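Following: one structure in structure tokens, then a few remarks.
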Amino acid sequence: MKAATKFLLLTLACSALTLRGADVAATPAAPASGEKKEFERVEFSLLGAFNYVPPGYETGTPDGKAAPADAKPKDQIPDFVRKLDAKKVAITGFMLPTKFKDGKVTEFLLMKDQSSCCFGVMPRINEWVTVKMTNGGIPPLMDTPITLVGKLKVGELFEEGYLAAIYQLDGERLLDSKS
């Protein structure tokens, strides 16, 4: 899916979401009884704890491709976040589906909260994680916090020349949900 389409989808879908007022960074999921330390719990309060300035883009380039107008250095992501790259983590957030297969969600945005976009405010790029499920998908669980376990990739992810995300999770399984 094109990055511009994802942003449009995010904006449109957020306007239709039911606001719960929950900020999952303030209410982390509690570890289950007897849970092994097979992963590190990561909160959006950590992932969003810095300012990231995405590049601007020129429009109407002759070849139709995005052209960065003001490319920023790639060292905007601090070391305390970069150290999570390639680690198995659990992240709690809200699902915004972007791809379905056989009734299951195979790709989605995991967002910090629902209120950041429901009133026309686009979330910052470090307030969502692009998730690609590795096991065929999970049921759609919108309007409720979910916790996913998977391998986190930290770094700029470009699609068709546009910055699409700085976090991607190869989702392995759903840890819990509060439905």
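The values are calculated or read from the model by the stated rules, or taken from the named source; none is laboratory data. Note that the structure is predicted; figures quoted are calculated from it, not measured. For neighbour counting, all protein chains shown are included, and Cβ atoms are generated from backbone atoms with ideal geometry for every residue, glycine included.
Computed quantities for the displayed model
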{"item": "In region 56-79, the residues that are at pLDDT 65 or above, under 12 Å from Gly161 (Cα atoms) and part of a loop (DSSP other than H, G, I, E, B)", "result": "Gly56"}
{"item": "Region 36-55: number of residues that are among the basic types (Lys, Arg) and in a loop (DSSP other than H, G, I, E, B)", "result": "2"}
{"item": "So Glu172, is it part of a strand (DSSP E or B) and within 28 Å of Asp75 (Cβ to Cβ)", "result": "no"}
